[in-house]
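Contents: one structure, followed by commentary.
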Amino acid sequence: MDKIYISGISCLAHLGVTPAERENPQEILVNLVLCLDLEAAADTDELDSTVDYVGIVGKLKTALQEKRFCLLESLAGQLCRSLLSDNKIESVQVTVRKFPEALRQEVSYVEVELTRSNL
């Protein structure tokens, strides 16, 4: 299966278990692996044969603005569903990293990775 990697997408999200934590948006980093058939794009050199990276990042940021999340897992699941709404994408791996203030002294970050498919 062919893959497109989009890494280090910096986003803001209302995320956290407590209402106070969700009140102000937090920075998160998102990495994507999109699995799709890229044969036509490789042959034709036409954008219509693949996914538009700008559109993918825009869709991701819109999905984050639409909702407040308690769990990083829920946020990652929403991103998977949003990305899989594109019929060209057969499966997606979403990795979301946050930098929790409550653990700032103990850990660099917390990360969740989900893999989902339309199959």
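Worth pointing out:
- Any hit, region 62-71, residues being touching a residue at least 60 places away in the same chain (Cβ under 8 Å) and over 12 Å from Leu114 (Cβ atoms): no
- Positions within region 25-65 being part of a helix (DSSP H, G or I) and over 17 Å from Gln78 (Cβ atoms), in sequence order: Glu39, Ala40, Ala41, Ala42, Asp43, Thr44, Leu47, Asp48, Ser49, Tyr53, Val54, Gly55
- Only one of the numbered conditions (1) of a type outside the set (Val, Ile, Thr); (2) surrounded by 12 or more Cβ atoms within 10 Å (Cβ to Cβ); (3) in contact with a helix residue (DSSP H, G or I) (Cβ under 9 Å, 6 or more places away or on another chain); (4) touching a residue at least 12 places away in the same chain (Cβ under 8 Å) is violated by Ala76, and that is (3).
- The residue list Leu32, Leu36 contains one member that is modelled with pLDDT of 95 or more and under 11 Å from the mean Cα position of the chain (by Cα), which is Leu32.
- Single condition Asp43 does not satisfy, out of (1) over 14 Å from Ile4 (Cβ atoms); (2) surrounded by 15 or more Cβ atoms within 10 Å (Cβ to Cβ): (2)
The values are calculated or read from the model by the stated rules, or taken from the named source; none is laboratory data. The structure displayed is predicted, hence computed values, not measured ones. Cβ atoms come from the backbone with ideal geometry, glycine included; neighbour counts cover every protein chain shown.
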